[in-house]
Amino acid sequence: MKLENFNFHLPEELIAQTPLEERDASRLMVLNKKTGSFQHDIFKSFADYIQPGDCLVLNDTRVLPARLFGSKAGTGAKIEVLLLKQVEGDNWETLIKPARRIKEGTVIEFGDGLLKAVCVQELEHGGRILQFQYNGIFYEILEQLGEMPLPPYIKEQLDKQERYQTVFSRERGSAAAPTAGLHFTEEILQSIRDKGAHVAFITLHVGLGTFRPVSAENIEEHEMHAEFYQMTEGTARLLNDVKEAGGRLIAVGTTSTRTLETIAGNHQGRFEEESGWTDIFIYPGYEFKAIDGMLTNFHLPMSSLIMLISALAGRENILKAYGAAVQEEYRFFSFGDAMLII
């Protein structure tokens with residue numbers, strides 16, 4: 001399957017640069033995955049499309065303020081550090097700019113020495129393993145010194161860092177937000193429960209691989225970066241009960257979708273308490289084992305994300321809906337509008 005099959009014209013001005021003042025004020029396109037028909041609505045009406053017995057599955061990961069700006073000890077050279085994942089203890093895999101300045105043994109200082117890091121290993125492509133040194137609690141210091149690692153497509157500064165977190169975020173560890181969840185308010189979640197539907201949480205810590213473009217001309221050759229996920233016993237039991245009772249599982253975002261499909265794929269379509277790493281790549285031809293529908297944002301051309309939703313709703317249906325979204329000037333990507341596929 002060719003990469004070009006997932007291309008479409010996206011005017012740059014439609015990539016949303018800032019979040020709307022109200023989380024639930026975005027537009028909502030509702031797409032019928034079987035017929036390809038769609039309608040326009042607003043996100044405040046989301047609960048209208050949820051039925052009693054359904055289950056909404058959300059990713060409760062919390063984004064780390066993972067971008068740090070420091071200086072090289074001794075020379076004062078400016079260094080930018082992006083935390084990717086915790087390796088062990090106070091050792092983190094990071095991306096460094098400029099990486100050529102940082103060799104094994106180099107010390108980087110942040111916040112007038114409030115936080116220090118020693119390079120203990122050099123990796124490829126600007127990667128470094130840093131060992132952090134500090135007094136106190138690391139995550140509290142990170143909240144004080146770090147900035148949100150916004151996607152490269154967003155050029156504007158974020159005034160309120162909490163707007164790049166979902167209202168239900170709690171498990172720290174992501175390098176990027178599960179952005180489909182940004183639309184929800186506590187009121188909308190309660191309105192879903194009031195309809196007799198369920199709200200469940202899983203965790204997948206989003207890595208920077210989510211922004212990595214697909215470069216392989218034949219998409220089957222693309223390799224996804226592995227990301228850590230976990231599901232509790234209580235969530236697994238609830239999801240199994242919903243499926244057995246005939247309710248729909250509606251995943252919020254591609255991250256929830258990939259987690260649910262990974263776990264169901266490991267257990268013949270059922271869910272069990274589990275944690276691990278997934279590099280599942282979903283594209284047309286994939287047979288879904290877990291979800292019946294999903295909520296997602298509008299994605300960039302030729303991305304693995306548009307391939308995933310094309311697997312669920314059909315490539316032609318998606319490209320037709322995206323053509324309408326461009327014509328109607330929907331807002332795209334992380335801070336953009338939403339699409340419900342059911």
Report every pair of residues separated by at least 6 positions or lying on different chains whose Cβ atoms are under 7 Å apart, first residue within the stretch 215-243 and free of Cβ contacts under 8 Å to residues at least 40 places away in the same chain, second open to solvent by 70 Å² or more (accessible area, probe 1.4 Å) and not in a strand (DSSP E or B). ALA236/GLU272; ALA236/GLU273; ASN240/ARG270
If I filter the stretch 312-333 down to residues being touching a Phe, Trp or Tyr at 6+ places or on another chain (Cβ under 8 Å) and part of a loop (DSSP other than H, G, I, E, B), which single residue comes out as nearest to PHE288 (Cα to Cα)? PHE333
SER256 passes all but one of the listed conditions (1) in contact with a helix residue (DSSP H, G or I) (Cβ under 9 Å, 6 or more places away or on another chain); (2) within 19 Å of GLY173 (Cα to Cα); (3) open to solvent by 10 Å² or more (accessible area, probe 1.4 Å); the exception is number (3)
Yes or no: PHE333 surrounded by 24 or more Cβ atoms within 10 Å (Cβ to Cβ) and touching a residue at least 24 places away in the same chain (Cβ under 8 Å)? no
Say we look at the stretch 43-63 and pick out the residues that are open to solvent by 60 Å² or more (accessible area, probe 1.4 Å) and more than 22 Å from the chain's Cα centre (by Cα); which of these is farthest from LEU150 (Cα to Cα)? PRO52
Residue list for the stretch 141-198, restricted to those being over 17 Å from the mean Cα position of the chain (by Cα), in a helix (DSSP H, G or I) and among the basic types (Lys, Arg): ARG193
Determine which single condition ALA264 fails, assuming it passes every other condition in (1) assigned to a helix (DSSP H, G or I); (2) in contact with a Lys or Arg (Cβ under 7 Å, 6 or more places away or on another chain); (3) within 30 Å of GLU13 (Cβ to Cβ). (3)
Taking first residues from the stretch 290-304 that are in the same structural domain as SER256 (by the TED database) and second residues anywhere that are of a type in the set (Asp, Glu) and open to solvent by less than 10 Å² (accessible area, probe 1.4 Å), the pairs with Cβ under 9 Å that are 6 or more apart or on different chains are ALA290/GLU261; ILE291/GLU261; ASP292/ASP54; GLY293/ASP54; ASN297/ASP337; PHE298/ASP337
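To keep it simple, each residue is scored yes or no on (1) under 24 Å from ARG237 (Cα atoms); (2) touching a strand residue (DSSP E or B) at 6+ places or on another chain (Cβ under 9 Å); (3) open to solvent by 40 Å² or more (accessible area, probe 1.4 Å).
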site	(1), (2), (3)
ARG170	yes, yes, yes
GLY173	no, yes, no
LYS195	yes, no, yes
HIS198	yes, yes, yes
LEU204	yes, yes, no
SER215	no, no, yes
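Results for (1) open to solvent by less than 10 Å² (accessible area, probe 1.4 Å); (2) part of a loop (DSSP other than H, G, I, E, B), shown as yes or no for each residue.
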site: THR35; (1), (2): no, yes
site: SER71; (1), (2): no, no
site: GLU80; (1), (2): no, no
site: LEU95; (1), (2): no, no
site: ALA117; (1), (2): yes, no
site: GLU124; (1), (2): no, yes
site: GLN133; (1), (2): no, no
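The values are calculated or read from the model by the stated rules, or taken from the named source; none is laboratory data. Nothing here was measured: the structure is a model prediction, and the numbers come from that model. Glycine gets a Cβ as well: all are built from the backbone with ideal geometry, and neighbour counts include every protein chain shown. The accessibility values were calculated without ligands, DNA or RNA, using every heavy atom of the protein model including side chains. Shrake-Rupley method; radii C 1.70, N 1.55, O 1.52, S 1.80 Å.
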